[in-house]
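Let me begin by presenting the structure, written as structure tokens, before commenting on it.
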Amino acid sequence: MRIKTIDNYNELSEQAADIVAIEVQTKKNTVLGLPTGSTPLGMYACLVKMYKKNEIDFKNVITFNLDEYIGLPPDHPQSYNYYMHSNFFDHVNVKKSNIHIPHCKDQDPILICREYEQNIKRAGGIDLQILGIGTNGHIGFNEPDEYLYTETHLVELTEETIEANSRFFKSRDEVPLQAVTMGVGSIMGAAKIILLASGESKAEAVKEMLSGKVTTRVPASFLQLHRDVTVLVDIEAASLL
Ligand code: PGA
């Protein structure tokens, strides 16, 4: 694992965008695994800027989002589908047919999950997976538990995650209780991974992730077993290392 401590959030976002740009420029049909949340917003803004300056072309890029809430329509402002379009897809040239975001409205979530996993395999696997980290050490919506799932699956969100995400909703009661998420195995199957962490609230989770122990109580700790992970942390998130 490479750990890079970066002075501030803007630089962290630029460095993350540079890693994505190199990947996209190096390989035709790059498959990107994409996160949502506050942390990658700066990275998406940098990528949009690069696209507008003709420095990057997403024409052949294929994307798979990590997760999505269950129970929110795709155009709901707090759905990850909405987030991805308003912060990234609407401003760049990723083809609609190359965008994958798990969505279960009336369909059986088990079938949706199976199909999602097959689509990742059919695309040849993920070349570069970008991750954030939850204050509880989750990656995607793989929440701390006695066991973790390897593949894309339905998940009950923890109290901590519901609480953390309630800042985006009018009230805590509006936060969905379930989501679909790629599994730890789907994430670990990526050829390369970058994880972004910013702010003091992530310091404990970052410390646990890098503790040298692997535990399902800190899902991000599994990344220690992957051979190509770069962790980009700002000074606050690195404060307990
Ligand atoms: P955040 O979420 O970027 O909004 O802090 C990260 C996550 O929960 O994975």
For segment 186-235, run through the trypsin sites (Lys or Arg not before Pro) and keep only the ones in DSSP coil with at most 11 other Cβ atoms within 10 Å of their Cβ. Lys213, Arg227
Going by Cα centres, segment 1-67 and segment 196-221 are how many Å apart? 22 Å
Which of Val48, Met188, Gly212 sits closest to the plus end of the dipole of the chain, meaning its Cα is farthest towards the positive end, when Lys and Arg get +1 and Asp and Glu get -1 on the C-beta? Val48
Under the helix-only model (-39500 (n - 2.57) for each DSSP H run of 4 or more, divided by the residues of the chain), the mean residue ellipticity at 222 nm, to 500 deg cm²/dmol, is -8500 deg cm²/dmol
Cβ-Cβ cut-off under 11 Å around Ser198, Lys and Arg +1, Asp and Glu -1: the net charge is -3
Please compute the Kirkwood hydrodynamic radius over the chain, one decimal place, Å, based on all pairs of different Cα atoms. 17.9 Å
What area, in nm² and to one decimal, does the C-alpha convex hull of segment 123-200 cast on average over all directions? 6.0 nm²
Within segment 100-153, which chymotrypsin sites (Phe, Trp or Tyr not before Pro) sit in a loop by DSSP and count at most 12 neighbouring Cβ atoms inside 10 Å? Tyr147
Within segment 190-206, find all residues whose amide N lies under 20 Å from a label point positioned 7 Å from the Cα of Lys121 along Cα-to-beta-carbon. 190-192
Please report the projected area of segment 9-116's Cα convex hull averaged over all directions, in nm². 6.9 nm²
Under the rule rounded for a/c under 1.5, else prolate if a/b exceeds b/c, else oblate, using alpha carbon gyration tensor axes a ≥ b ≥ c, segment 152-241 is classed as oblate
Computed E for Arg172/Lys105 - FRET, C-beta separation, R0 25 angstrom, nearest 0.05: 0.60
Which GluC sites (Glu not before Pro) in segment 3-109 sit in a loop by DSSP (not H, G, I, E or B) and have at most 16 other Cβ atoms within 10 Å of their own Cβ? Glu55
Computed over segment 60-201, Cα set: Rg, Dmax in Å: 14.7, 41
Paramagnetic label zone (point 7 Å from Cα along Cα-to-C-beta, Thr26; backbone N under 16 Å) in segment 172-211: 190-195
Please give the charge dipole size of segment 73-225, origin at the Cα centre, charges +1 on K and R Cβ atoms and -1 on D and E Cβ atoms. Round to the nearest 20 debye. 600 debye
Based on Cβ point charges of +1 for Lys and Arg and -1 for Asp and Glu, what charge dipole magnitude is obtained for segment 37-91 about its Cα centre, in debye rounded to the nearest 20? 280 debye
Give me the percent of DSSP beta bridges within the chain that run antiparallel, rounded to the nearest 5. 30 percent
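Every read-out reported here was derived from the displayed coordinates using simple, explicitly stated rules and does not represent laboratory data. In this text, all values refer to a predicted model and were calculated from it rather than measured experimentally. Quick reminder, even Gly has a Cβ in these numbers, built from the backbone with ideal geometry, and neighbours come from all protein chains shown.
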